[in-house]
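What follows is one structure encoded as structure tokens, with my remarks underneath.
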């Protein structure tokens, strides 16, 4: 039996295999609303056999969007179409998940391919004031943030909680909190972007405080049998930034507060960080956290072949394999992988005639 196609139980949920469609922004929404593009994009990957699909970074508030074209779940009206998508995903044997996000200082930027501009969107053109732990811009071309005050921090926590309640109503079965890639929660973690002197800055315990408070607020409204993931950037790849050792320590705190899986990415908080990109270059962080913290982990980053994915699961380096660009290139990667690895999996009945026979 292929390790990649072994089921995985997380609380009351069982995934049929270890292949996850990683959250990938489509920048195709209007006022946060999902539409037919998202239905076809996600639906085709459910038909393609992935065990779990995590919907792209979905903003918990309007000001939490990366671009004006981001998906959102900050109002009840967003629920109806999301529910339709999730019903389709489940009807084809996959599990719908959502990544709840706040972009922080990297918000209010242009979607490059629309040809409207680059960098910060001016308020006159639909942009908005962005927020961060400290008033430090990501780069010269990004918006200048204002530091969150106590009321602003309370609003962020409440927004994540409300977004979780809407996600349950929309039929999502996994929640992932986005604390990576230089967005708001990662900005609080890293001393490069967090220079606060109050209880949310300075020491490790203070810098992780907001993430832990968000986790507590989300976990409080989730059913006991509902899995909760957190995506982190395991390193800033920059001296003086967030470190792998801190990621291990944070993962212990997350485990003890009801998080079921740490999704291990890296980078995104420093504009010109030197990142040694290559096949599986982030797997080592998932492996270390899994080994030292005894928590399930997900590996992501240039995982492109069935054999590569199979090996890292079989060797115990991670529990889930999250595929991004490879799933854009091939929505049916799981079906192809099953054939190459000798696993007999069900195909959609409409496609059964095309299933390769051994």
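Looking across 3, 46, 91, one residue alone is surrounded by 24 or more Cβ atoms within 10 Å (Cβ to Cβ) and either without any contact (Cβ under 8 Å) to a residue 60 or more places away in the chain or over 30 Å from residue 129 (Cα atoms) (or both). It is 46. Of the candidates 257, 291, the single residue that is surrounded by fewer than 17 Cβ atoms within 10 Å (Cβ to Cβ) and closer than 14 Å to residue 318 by Cβ is 291. Based on this model, can you work out whether residue 156 counts as surrounded by 20 or more Cβ atoms within 10 Å (Cβ to Cβ), within 26 Å of residue 247 (Cα to Cα), more than 17 Å from the chain's Cα centre (by Cα) and at pLDDT 95 or above? Answer is yes for this residue. With respect to the conditions (1) within 29 Å of residue 130 (Cβ to Cβ); (2) under 19 Å from the mean Cα position of the chain (by Cα); (3) part of a helix (DSSP H, G or I); (4) in contact (Cβ under 8 Å) with a residue 24 or more places away in the chain, residue 67 falls short on a single one, namely (3).
Screening segment 1-53 for strands (runs of 3 or more DSSP E) wholly inside it with 2 or more residues that are at pLDDT 95 or above and within 21 Å of residue 347 (Cα to Cα) returns the ranges 13-15, 19-21.
Of the residues making up segment 86-130, those that are under 17 Å from residue 27 (Cβ atoms) and assigned to a helix (DSSP H, G or I) are 106, 112, 113, 114, 125. Note on segment 64-78: among residues that are within 21 Å of residue 112 (Cβ to Cβ) and out of contact with any strand residue (DSSP E or B) (no Cβ under 7 Å at 6 or more places or on another chain), the one that is surrounded by the fewest Cβ atoms within 10 Å (Cβ to Cβ) is 69.
The values are calculated or read from the model by the stated rules, or taken from the named source; none is laboratory data. Please read these numbers as outputs of a predicted model, since none were measured by experiment. We place every Cβ from the backbone using ideal geometry, glycine too, and count neighbours over all the protein chains shown.
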